[in-house]
Amino acid sequence: MIHVIGDLFIDEKELEWDFVRASGPGGQNVNKVSTAVQLRFNVIGSPSLPEDVKQRLVKLAGRRMTKEGELIIDARQYRYQERNRQDALARLVDLIEKATKKPKPRKKTAPSLGSKVNRLEGKRQQGEKKRLRQIVRDLD
């Protein structure tokens, strides 16, 4: 069991790990060893997550989410498979942790009387400035 936050846990059986070859530092080792990690987590089918957390997680994941509801995290920053594995897991936990926080509802507010007066005064001054720029024609 992987602890996420509070009383929220994810079963390790829900995670699917794929190991692939990574580009980057490592010399000849890059051509031989599969150090990059691809973590797959089925968000939609997960019994561990509440429904509201699933919905927020899908929004947060963005393009890392497949049409089937699977979250894919690629980790290839480090030279060692175990470090990449830890990195992918930490990123998953961080993402789920962010999804558990409910967004604060927005309260509608009206502009204050002072801000309305200031806006109208600014408009009046701007109009006066433009009026004074006009060419004065003599009526004679």
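The values are calculated or read from the model by the stated rules, or taken from the named source; none is laboratory data. This is a predicted model, so every value here is computed, not measured. Positions of Cβ are generated from backbone atoms using ideal geometry, with glycine treated the same way; all protein chains shown enter the neighbour counts.
Scanning the range 47-62 for residues that are in a helix (DSSP H, G or I) and over 16 Å from the mean Cα position of the chain (by Cα) turns up Glu51, Asp52. The set of residues in the range 39-49 that are at pLDDT 80 or above and not aliphatic (A, V, I, L, M) comprises Arg40, Phe41, Asn42.
The rows are residues; the columns are (1) of a type in the set (Lys, Arg); (2) farther than 30 Å from Gly6 by Cα.
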site: Arg40; (1), (2): yes, no
site: Val43; (1), (2): no, no
site: Leu60; (1), (2): no, no
site: Leu71; (1), (2): no, no
site: Lys102; (1), (2): yes, no
site: Lys129; (1), (2): yes, yes
site: Leu139; (1), (2): no, yes
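Taking the criterion of being basic (Lys, Arg), surrounded by 14 or more Cβ atoms within 10 Å (Cβ to Cβ) and farther than 27 Å from Phe9 by Cβ, would at least one residue in the range 84-95 satisfy it? Within the range 84-95 (the criterion being basic (Lys, Arg), surrounded by 14 or more Cβ atoms within 10 Å (Cβ to Cβ) and farther than 27 Å from Phe9 by Cβ), the answer is no, since none of the residues qualifies. Looking only at the range 82-140, which residues are in a helix (DSSP H, G or I), without any contact (Cβ under 8 Å) to a residue 12 or more places away in the chain and closer than 30 Å to Leu57 by Cβ? Those that are in a helix (DSSP H, G or I), without any contact (Cβ under 8 Å) to a residue 12 or more places away in the chain and closer than 30 Å to Leu57 by Cβ: Glu82, Arg83, Gln86, Ala90, Asp94. If you go through the range 63-81 and keep only what is assigned to a helix (DSSP H, G or I) and at pLDDT below 80, you end up with Arg64, Gln81.
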